[in-house]
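Rule-based calculations on the coordinates, nothing more; no lab input. Owing to the predicted nature of the structure, the values given are computational and were not obtained by experimental measurement. Positions of Cβ are generated from backbone atoms using ideal geometry, with glycine treated the same way; all protein chains shown enter the neighbour counts.
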């Protein structure tokens, strides 16, 4: 009698292999996103540990799909235009962005400084929109860039939305220093969160970037908050009182924006 074939069991290895390839493709794209240089197959093998045979197939597939571009002279790769198209589609379909952009315009007009709108993604903040100061010499958009949450006013404001236990579970024991002023212990970070909750906005001085201080406030339309707005100020142009006034303006503006979003049914 012929042995019955278990179709489900037979298809399991193929399905597992397909999922594994998809995961590797995503990891490869994220590797390119985390590096601002052209990468060779050897570079990618060193960074990902993927077998070279697998990398050949993945690179060819992503290249054909437009997710990568190749320099044929050096056999190196970088992200392709498809990544930008999909990233832009995320912003185009986010109902919060138009409201936040209007708020950024008002903040820039009232303060004269650069304003940012960002969202927390795990232990990082992702910049979704920026309005540069008219006096700014910064020529590269921050949109799509990420920074460690603990080193930014944006991140501090958003992390302060979490409970003590949630923060302990989320954050690593050792925090990366971006400047000599970056907070690198959870104990000091918890103290910052307490101060943030008390005054209604977060603050940092040269913790993320030397020469710059920032204040930020959460947009209260979700619990816990996921989005925040910040204002970046050159340290040689503002006093502590100036920074306090900007922080209070942000707290007021984000509170109004939160009400506006809730009235519009945006969650």
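Summary value for the chain: 13 percent relative contact order, contacts being C-alpha pairs under 8 angstrom separated by 6+ residues.
Quick check: from the Cα gyration tensor, does segment 183-254 come out rounded (a/c under 1.5), prolate or oblate?
On the way: a/c = 1.82, a/b = 1.16, b/c = 1.56.
Note, shape of segment 183-254 comes out oblate.
Computed extension length for residue 30-residue 135: 34.4 nm, one decimal, from 0.36 nm per residue of separation with the Cα-Cα distance subtracted. Whole angstrom only: what separates the Cα centroid of segment 73-148 from the Cα centroid of segment 188-267? Their Cα centres are 17 Å away from one another.
Please order 107, 167 by the number of other Cβ within 10 Å, starting at the fewest. The partial results should precede the final answer.
Details: 107 24, 167 17.
Listing 107, 167 from fewest to most nearby Cβ atoms yields 167, 107.
Would you mind calculating the relative contact order of segment 158-208 from Cα pairs under 8 angstrom and at least 6 residues apart, reporting the percent as a whole number? Across segment 158-208, relative contact order equals 36 percent. Taking only the alpha carbons of segment 115-225, we obtain Rg and Dmax values of 13.5, 42 Å in that order. Its Cα gyration tensor gives the chain an equivalent ellipsoid. The semi-axes, each the square root of 5 times an eigenvalue, are 40, 23, 20 Å from largest down.
For every helix of n ≥ 4 consecutive DSSP H residues, a contribution of -39,500 (n - 2.57) applies; sum these over the chain, divide by its total residues, and give [θ] at 222 nm rounded to the nearest 500 deg cm²/dmol. Using -39500 (n - 2.57) per qualifying helix, the result is -15500 deg cm²/dmol.
Extending 7 Å from Cα along the Cβ direction at residue 185 and again at residue 170 yields two label points whose distance is 2.2 nm. Entry for segment 33-119 at q = 0.14, 0.23 Å⁻¹: log10 I(q)/I(0) = -0.67, -1.09, Debye formula applied to identical alpha-carbon scatterers, no solvent contribution.
Taking 53, 40, 232 in turn, the Gaussian network model of the chain (Cα-Cα springs below 10 Å) assigns the largest fluctuation to 53.
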